[in-house]
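Report on the structure given below.
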Amino acid sequence: MNLIKFNPVLKVEENLLGTDYVVGDIHGMYSLLMQELNTLNFDKTKDRLFCVGDLIDRGKENEKVISLLKEDWFFSVRGNHEQMCIDTTYLSNKYPEVYRMHVANGGTWFCIKEFHEQEAISKIFLNLPFLIEVKVGKDRIGIIHADAGEDWSYTKRELSSVTNDQCGSNSTILRSLWSRTRITKKITTNVNNIDHVFLGHTPVNNVTTLGNCSFIDRGSCSHQMFFTIIDIKTYLKNLNESN
């Protein structure tokens, strides 16, 4: 694998001009996302959108969604579907089951590409962080795909020194990309050392908040055909007022 030096933990400064939003798994639904942003009067000159990962697969406009990573207003962590693209590119010759799993999970569009096309996309995904931390008002907000563990500082510290060739063996990486423990076991204890965390990966009928963690993947590529896009500051204000 042609490994790329990347920043596995991305810290983003406070937005003093506009509104910060977070969106659930996009899964190739570019037009739907643009439609929802237009409804919100999203202003690309001052607003920002953070994604909890899984930009691609299942939907039909995957490369249009990937192009958003060139935009100054768009940020995303790496999800397990981005990791499946990377694994398909570099590991499927040796491990055919990697290819089969990706196809079974909506990755046919990627798997039928020539190697040089796959590699060009994978190099983009290799640069995606596993974790984003952003200041929104007085709050520190965490964004991670699947599970943040028990302590944000520990997770951040562990991820800060990882390399891309550890993705199949490092337990903190694997948890951040694949784990469903918190939501399946309905763990309501807070993640320590962070104000709030937004996650995707596990589809939910409604935004589900457990402790200081909100799961926001509502199945954009399913029959529901809509996104959860949250104004972070307003959401936290309403959450605090209801508690």
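The table for this structure:
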| quantity | calculated |
| --- | --- |
| Count of residues meeting criterion [in contact with a strand residue (DSSP E or B) (Cβ under 8 Å, 6 or more places away or on another chain) and buried (at least 17 other Cβ atoms within 10 Å of the Cβ)] in the stretch 141-156 | 11 |
| Pick from the stretch 82-124, criterion part of a loop (DSSP other than H, G, I, E, B) and among the hydroxyl-bearing types (Ser, Thr, Tyr), ranking: least open to solvent (accessible area, probe 1.4 Å) | Ser92 |
| Filter result (closer than 17 Å to Leu126 by Cβ and open to solvent by 10 Å² or more (accessible area, probe 1.4 Å)) within the stretch 68-79 | Leu69, Lys70, Phe75 |
| Residue, surrounded by the most Cβ atoms within 10 Å (Cβ to Cβ), within the stretch 125-138, restricted to residues that are charged (D, E, K, R) and either closer than 24 Å to Ser179 by Cβ or modelled with pLDDT under 95 (or both) | Glu133 |
| In the stretch 134-155, the residues that are of a type outside the set (Gly, Ala, Ser) and either at positive phi or part of a loop (DSSP other than H, G, I, E, B) (or both) | Lys138, His145, Asp147, Glu150 |
| Failed criterion for Asn15 (all others in (1) part of a loop (DSSP other than H, G, I, E, B); (2) touching a Cys at 6+ places or on another chain (Cβ under 8 Å); (3) more than 19 Å from Thr228 (Cα to Cα) hold) | (2) |
| Number of the exception - Glu36 against (1) modelled with pLDDT under 95; (2) assigned to a helix (DSSP H, G or I); (3) within 24 Å of Ser176 (Cα to Cα) | (3) |
| Residue count for the stretch 64-87, restricted to those that are without any contact (Cβ under 8 Å) to a residue 40 or more places away in the chain and over 23 Å from Thr172 (Cβ atoms) | 9 |
| Test: residue in the stretch 167-176 that is out of contact with any helix residue (DSSP H, G or I) (no Cβ under 7 Å at 6 or more places or on another chain) and either of a type in the set (A, V, I, L, M) or farther than 24 Å from His81 by Cβ (or both) | yes |
| Complete set of residues in the stretch 11-46 that are under 30 Å from Thr163 (Cβ atoms) and surrounded by fewer than 18 Cβ atoms within 10 Å (Cβ to Cβ) | Lys11, Val12, Glu13, Glu14 |
| Close pairs (6 angstrom Cβ cut-off, 6 or more residues apart or separate chains): of a type in the set (D, E, K, R) and at pLDDT 70 or above in the stretch 214-226, in a loop (DSSP other than H, G, I, E, B) and open to solvent by 50 Å² or more (accessible area, probe 1.4 Å) anywhere | Asp217/Pro203 |
| Members of the stretch 174-213 found to be open to solvent by 50 Å² or more (accessible area, probe 1.4 Å), touching a residue at least 24 places away in the same chain (Cβ under 8 Å) and over 16 Å from the mean Cα position of the chain (by Cα), listed by number | Thr181, Lys186, Ile187, Thr189, Asn192, Asn193, Asp195, Thr209 |
| Residue among Ser171, Ser160 that alone is small (Gly, Ala, Ser) and either without any contact (Cβ under 8 Å) to a residue 24 or more places away in the chain or open to solvent by less than 60 Å² (accessible area, probe 1.4 Å) (or both) | Ser171 |
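Yes/no matrix, rows are residues, columns are (1) of a type in the set (D, E, K, R); (2) closer than 18 Å to Ile216 by Cα:
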residue: Val22; (1), (2): no, yes
residue: Tyr30; (1), (2): no, yes
residue: Asp72; (1), (2): yes, no
residue: Ser76; (1), (2): no, yes
residue: Tyr99; (1), (2): no, no
residue: Thr108; (1), (2): no, no
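The values are calculated or read from the model by the stated rules, or taken from the named source; none is laboratory data. Given the structure is predicted, the values throughout are model-derived calculations rather than measurements. Note: ideal-geometry Cβ built from the backbone for every residue, glycine included; neighbour counts use all protein chains shown. Note: areas computed on protein heavy atoms with side chains; ligands, DNA, RNA excluded. Shrake-Rupley method; radii C 1.70, N 1.55, O 1.52, S 1.80 Å.
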